[in-house]
Structure formats: C-alpha cells, structure tokens
Amino acid sequence: MITDANIATLKGALRGALLQPGDPGYDDRRKLFNAMMDRHPRLIAACADVADVVTCVKFAAAEKVLLSIKGGGHNAAGLGMCDDGLAIDLAHIRYVHVDAARRTVRVGGGTTWGEVDHATHAYGLAVPSGIISTTGVGGLTLGGGVGHLSRRCGLTIDNLLSVDIVLADGRIVTADAKSHADLFWAVRGGGGNFGVVTSFLFKAHEVHTDYAGPMLYPLEDAAEVMRWYRSFIQKAPTDLTGFFAFLIVPPGPPFPVHLHNKPMCGVVWCYAGPLKKAEKVFKPIRAFKKAALDMTGPLPHPVVQSMFDALYPPGQQWYWKAGFFRELSDEAIPAFVKHGSNLPTWQSTMHLYPIDGAPSRVKPSATAWVHREAVWAQVIVGVDPSPSNREKLMKWARDYWTATQPFSSGGAYINFMMDEGVDPIKATYGKNYARLVKIKRKYDPTNLFRVNQNIKP
Ligand SMILES: Cc1cc2nc3c(=O)[nH]c(=O)nc-3n(C[C@H](O)[C@H](O)[C@H](O)COP(=O)(O)OP(=O)(O)OC[C@H]3O[C@@H](n4cnc5c(N)ncnc54)[C@H](O)[C@@H]3O)c2cc1C
C-alpha cells in the first residue's frame, strides 16, 4: 500500500527525485512516445543510480505495489509506465563506455540508441539496434532488437554479453553465459519480465560508413517488386540488409516535390560492408528496375540510424500489429499490396525486416527468441498526430494483419505488439515458453515485474 508515511520513507531513501501528481516534472516523466497511452502512476522515481533501483524494487515488493520500468518510453503498448503504482524512470542511468581494445560497449539501462551510436561511431564501431535513434536500449534489447545491421551482425540480443540486473528480491546480479546462465538466456528476448537491467554489455562491430537509403517504386509495380525482393534478399551478401516498405512519401525535403504525398513501395537499404564493394552489391538491385527515387549513397552509420527520427517525433498516436514470415508466397503478395496501397495516414507504413543471415545462424533454443527460422519480422503501424484518427488507424492495421496472417509462420515480435493478452505471447515464445515460465518462477515468483508482455510464473 502507498501511504504518506511510506512515501516519506521512500523519498528519504532515494538519491533521485520522487514525484507525485501535481509535482513539477511529473507530467513530462510519465509521458510515453505513443500518445495513445496516457498513464498516471501514483509515484515516479527518477532513479539516480542502481541503489535507487534496488530501493524501489524492495518498496514495491514489500508494499505489493504495481511496478513499471521506463527505459526509452517507446513501447507502443505503453508498457514503460503504469497507472496508480510506482514507476521507475531510468532516464538518469545513462552512459556509454566504449572499450575499443576489447570491442565491447557498456551501456546504462536508461540510455537511448542515438547516444550509443554517437559514442561508438568515434571508434568506428557500432552495436546492432533498431531504425530510430530515440528508442531505449532497455526495451529494444530485452525484446530482441531488429534493424539495419541484422543480417550482418544478428539481433541486438545476439550481441549481448552480459547484464547487471536488479531482481525481484532486490539482489543485484550479473547474468552472462557463465553466471546465472538461465537468466541470461531468458533476458535475451524475454522482455522486462525478470528484473531491472541497470547495465548492458554489448559486443561491437566495425561499422563506420554505410551505403544506405531508400529506393522507391510506383505502387503499380508493388507485386513485381515484392516478388523480386523476396528472392534477391535471401541470396544477397549478409553485409546487406534491406527492409521492404509500403509508405507515403513525406511532403517535404529532401523528397522531390512531384513525389510528395504519393503512396509508394520500396526497400530501405543498408550495406555495411567494405564501401569499395558497394556499387557492385547494388548493381543487380539497379539492374532489376530503375527506381522512381534512389536516395542510396555513403552515409555515416549514426545518420542511417536516425534517418527516420524527424518523421516520427514523440507524441503521435500509434497502433501496431505484427507477424513473422518464412516466405512471401504468390498468394500472400496480393494481400500485402491491397492493404499496403491503402495506408490510412501519411506516416502509416508496413515494414518487412529481413532476419535471415546472422540471426538465423543462432539455434532457436539458444535464447528466448525462438523465431530463428523466420525470414521477415513484419510490422504494420498506423501513425497520426490526431486522436480523432485513432479508430481509423486501428481498423486499417487489424484488417492488414488479418489478411496477411494466414501466410505467416505464427507469433509476433513482442516489441511490435500492443497489449494483446496471453495467447499471442505464448505463440510468440512457442517451444521456449515453458522454459521461460520456469525461469520466471525462479527469479520472480510473485510476478512483481508484470508491466510487460507478461510471462506468468
Ligand atoms: C518509432 C519506433 C521505432 C521502433 N523501431 C524499432 C526497430 O527498428 N527495431 C526494433 O527491434 N524495435 C523497434 N521499435 C520497438 C521497440 O523495440 C519497443 O518499443 C521497445 O519496447 C522500446 O524500448 P524502450 O526502452 O524505449 O521502451 P519502454 O517503453 O521504456 O519499455 C518497454 C518495455 O521494456 C521494459 N524495459 C525497458 N527498459 C528496461 C530495463 N532497463 N530493464 C528491464 N526492463 C526494461 C519496460 O518495463 C517495458 O515493459 C520501435 C519503436 C518505436 C516507437
């Protein structure tokens, strides 16, 4: 229970601020990236350090208070914040330490990916992550991590070497391949179910300047482009990642005026191999068909990583649906094209991220992320600034998902899901679900950490 007396005790024990409704800064801290999610916790702890996290976890456990953890606050389902309970905000536990000799990067639990890219770029290194730089390292990593380097370097979890984690009983442990190996297995895909990760240690790769950017084609060619893309990408060198998209050309620079607001399809390429080979790698892509817009070229890796930031500022309405695909059959493609040609707003989109290559070289039983045989992770995102378009976004995303699901290989990436109940979570973890439940029982038997895609103990 939260009482005035125990609030005063908690406040006195914390080095960071403890905010209540009405306090300056309370509304800013409770805000999430997805404005569709509007949560009002009773308390927000702006944890200054790991000790503050331990204090909050012990408080929530002792007082049986709902506990949430905010990393970057990007989770579309709003899982970075709770109503009524105690919200841990990790925004101050933010740092990036690069060990160039070992090629490792230590990152604080509340850091965002743009900060990691900025720090590692100076050393000519990068950690594989997502496609928007404002996303939190915490949520993205614990869910899996799919992005521009996936085919070359694997998922983000495939590059995770260890975590420092505060458990439900307040203990701080380091989990890696040797110590608490069961926990280390579970956090690689199992989300925030097992504790508060205060520090991540990643393996970094030599990446400096990519050859990257979108190539767009008229919608009339969408079926042909998809058919070509599905076979090309699976044979392409793994230094090349390229996600397929249906999109509406943004109405502003650097896009040419004649294409503004035009629905199109295309591939957003990122070649992270030796630059001198880039033109050769892109030769068959250009030979397939002349793109209506080809914006590919050499770009510093952090620029590629933040290419979409301006399109997607915080505070918009977001609704997501997701799936995995092993193939894009001739029967499936018309369903993709039909709904992809009917985007409800100009920021809405559908992406197919290739996760063959390096991610598929890891066994499904090696980490909690089981979908190692899938070739694409699909995300259907309805986005708009206006809450009045909410229903329209939801209907479009659900219709798209319903039409393409019959061709999917089952489950969905948890970081691309809304709050959809237990069955989709079970489907997502498949054969690994029972093992996750066992580990959850061991480390969090009372389900203290349940504001997440929850694995019930
Ligand atoms: C615009 C946008 C683009 C995206 N692009 C990609 C992409 O390219 N690739 C990709 O893989 N995903 C992508 N995502 C999805 C993203 O991975 C998830 O939304 C993820 O949950 C965000 O992490 P966060 O820390 O910002 O979120 P939060 O909302 O802060 O947290 C999400 C969940 O993770 C838990 N959590 C966060 N930090 C910690 C921690 N340190 N310890 C324990 N639990 C923690 C929270 O409790 C919560 O359950 C994108 C999301 C958005 C909004």
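Each label was represented as a point 7 Å from its Cα along the Cα-to-Cβ direction; for Asp176 and His92 these points are 2.8 nm apart.
Tell me the net charge near Ser162. Cut-off is 10 Å between Cβ atoms, Ser162 excluded, with +1 for each Lys or Arg and -1 for each Asp or Glu.
0
Report, in whole Å, the centroid distance computed from the Cα atoms of the range 100-157 and the range 332-355. Cα centroid to Cα centroid, the span is 27 Å. Dividing the mean sequence gap of close Cα pairs (under 8 Å, 6+ apart) by how many residues the chain holds gives a relative contact order of 16 percent. Scoring 326-333, 267-274 by mean Cβ neighbours within 10 Å over their residues and listing the highest first yields 267-274, 326-333. Once you reduce the range 375-441 and the range 190-257 to the center of their Cα atoms, the two points are 19 Å from each other. Each stretch of four or more DSSP H residues adds -39500 (n - 2.57); spread over every residue of the chain, this sum gives -8000 deg cm²/dmol at 222 nm. Rolling a 1.4 Å probe across all protein chains gives Val53 an accessible area of roughly 0 Å². Please give the net charge around Leu86, taking every other residue with its beta carbon less than 14 angstrom from that of Leu86, where Lys and Arg add +1 and Asp and Glu add -1. It works out to a net charge of +4.
How charged is the neighbourhood of Ser360? Take every other residue with its Cβ under 13 Å from the Cβ of Ser360, and add Lys/Arg as +1 and Asp/Glu as -1.
Every neighbour counted, the sum reads +3.
Highest-first packing order for the peptide set 158-165, 438-445 is 158-165, 438-445, based on the mean count of other beta carbon atoms within 10 Å. A straight Cα-to-Cα reach below 16 Å connects Lys456 with the aspartates and glutamates Asp419, Glu420, Asp423, Asp444, residues fewer than 8 places away in its own chain not being considered. Given +1 at the Cβ of Lys and Arg, -1 at the Cβ of Asp and Glu and no other charges, the dipole of the chain around its Cα centre is 1100 debye to the nearest 20. Between Leu86, Val96, Gly73, the Cα set farthest toward the positive side of the dipole of the range 64-151 (charges on each charged residue's Cβ, about the Cα centre) is that of Val96. In this structure the amide hydrogen of Gln317, modeled in the peptide plane, comes within under 5 Å of the amide hydrogens of Ala35, Asp384, Ser386, none closer than 5 places in sequence on its chain. Taking amide H positions as modeled 1.01 Å from N, with prolines and chain starts lacking one, the residues under 5 Å from Thr112 and 5 or more places away or on another chain are Val137.
The values are calculated or read from the model by the stated rules, or taken from the named source; none is laboratory data. Nothing here was measured: the structure is a model prediction, and the numbers come from that model. Here the Cβ is made from the backbone with ideal geometry for all residues, glycine too, and neighbour counts use every protein chain on show. Surface areas here come from the heavy atoms of the whole protein model, side chains and all, with no ligands, DNA or RNA. Shrake-Rupley method; radii C 1.70, N 1.55, O 1.52, S 1.80 Å.
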